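Derivation of every value follows stated rules applied to the coordinates shown; laboratory data play no part. Values in this document were obtained by computation on a predicted structure and should not be read as measured data. Methodologically, a virtual Cβ is constructed for each residue, glycine included, from the backbone with ideal geometry; neighbour enumeration extends over all protein chains shown.
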Amino acid sequence: MSSSPPINHLSHLARKAICGPLESGDFISALESAQSILRWKDCQANPDFLSQVVAIISFCEPAAEKQRTERIRAEEEQRLQYELEIARRAEAKAKAEMLRAQTIGTFGPLAEKYGIPREAVVEGFEPSYLVVILQKLEEAVGLQENHVKWLLDQKYFLAVANYYYSEYHGSGDAWALAMGGRYFRQGGLPKAIIDYVTDDTIRRILDTRARSAVLTNRGGAKRDLSDLEGATNDALEAINASPRSYHPHNLLGAIFYQTGQPGLGDQHFEQAQALGATPKQQEYEIKSALRMSPPDVRKVVVEHLLAKDHVKYAWVSQYLVRP
């Protein structure tokens, strides 16, 4: 058989259908085109045309069969590779899920101990950065500043609070106790402060500024729990311990606003500002007082502030009870 079939007597349409695939080496398409052309009436009626088409078919059949075999082999190889990849991914996923389950099983209870959801110990299928911090907390080796910042950024306030309380327990540093109280309040657990910071604890704090900070924290926790009398007593004691601290004055200002005595509240807010408090801090305290006070007291406070400066305090109108 010649290296290529003769095409001298093919029609233009037949040449286009056959020669294109032949030139590209696609013998399967060339064969299928020739077999289709063989059924044309013009082909059947023209002996030269017919003989050339038959010659083309004879020429293409062995190469087309080889191509079909190669395609089947390639498709089978592709199918096997695909199945292997699926199996590999399934195995990798199973291992990852096992690692995830093991990490949660090992460190999940530890996370819950510090007020953090169990699932936070993993990120995707890998142990999260939290695991490193939890291990340090358990080993009592102390957290670095970036560890504390990370916990606060994630709003894991109770973990930070427990860390500072453990620091106080180990070192007796009252400032650690004050920091712990701050974050117990932010974490929504003021009762932990009340339970831990007893009057005996207060008396043992020799640093008067630290004692004032701890008293202010405990007073704030009592206010959170609606013990306004206890909160007032702690704030006054905090002022006696450290007259230059503005924090207890801010606390008293909020308490008086919350009890419907905004005039007295203003006196303490003014003293706090003179000692270094910022307007933003006091606005926060006023908002908290409005949220925590009953409707009749809220109305008194709103009217008081609007009468003082209706432009500066325009935002308080949202706290009025609408009929």
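Remarks
- The label-point distance for Tyr284 and Gln318, in a model that sets each label 7 Å from Cα toward Cβ, rounds to 1.7 nm.
- Rg [Å, one decimal], Dmax [Å, integer] - segment 12-89, C-alpha atoms: 17.5, 60
- Computed extension gain for Asp195 through Glu75, at 0.36 nm per residue and net of the alpha carbon distance, reaches 36.0 nm.
- Note on Lys149 and Asp173: the extension gain reaches 6.6 nm, defined as 0.36 nm multiplied by sequence separation minus the Cα-Cα distance.
- Three principal axis extents of segment 149-319 based on alpha-carbon atoms, in descending order, are 51, 35, 26 Å.
- Panel note: the C-alpha atoms of segment 41-193, placed on their principal axes, show extents of 111, 26, 24 Å (largest first).
- Peptides 80-88, 49-57 ranked from most to least packed give 49-57, 80-88, packing being the mean of other C-beta atoms within 10 angstrom over each peptide's residues.
- Modelled spin labels at Thr106 and Leu38, positioned 7 Å past Cα toward Cβ, are 7.0 nm from each other.
- Remark: relative contact order (the chain) = 7 percent; criterion is Cα-Cα distance under 8 angstrom and separation of 6 or more residues.
- Where Rh is the Kirkwood radius over Cα pairs, Rg/Rh for segment 170-260: 0.94
- Kirkwood hydrodynamic radius (C-alpha pairs) into Stokes-Einstein, the chain, 20 °C and 1.002 mPa s, D in µm²/s: 79 µm²/s
- Modelled FRET efficiency - R0 25 Å, Ser166 with Glu229, Cβ distances, 0.05 increments: 0.20
- Efficiency of FRET between Gln135 and Ala94 - r from beta-carbon atoms, R0 41 angstrom, step 0.05: 0.95
- The helix-only estimate of mean residue ellipticity at 222 nm for the chain, built from DSSP H runs of length n ≥ 4 each weighted as -39500 (n - 2.57), is -24500 deg cm²/dmol after division by the residue total.
- Each peptide among 125-134, 60-69 gets the average number of other Cβ atoms lying within 10 Å of its residues, and from highest to lowest they stand as 125-134, 60-69.
- Relative packing of peptides 270-281, 216-227, 248-259 - highest average C-beta neighbours within 10 Å first: 248-259, 216-227, 270-281
- Taking each of Lys149/Lys280; Lys191/Lys287; Lys16/Lys41; Lys16/Lys66 in turn, the alpha-carbon distance never tops 27 angstrom.
- The base-10 log of I(q)/I(0) for segment 212-299, evaluated at q = 0.18, 0.25 Å⁻¹, reads -0.66, -1.27 [Debye formula, identical scatterers on Cα atoms, solvent excluded].
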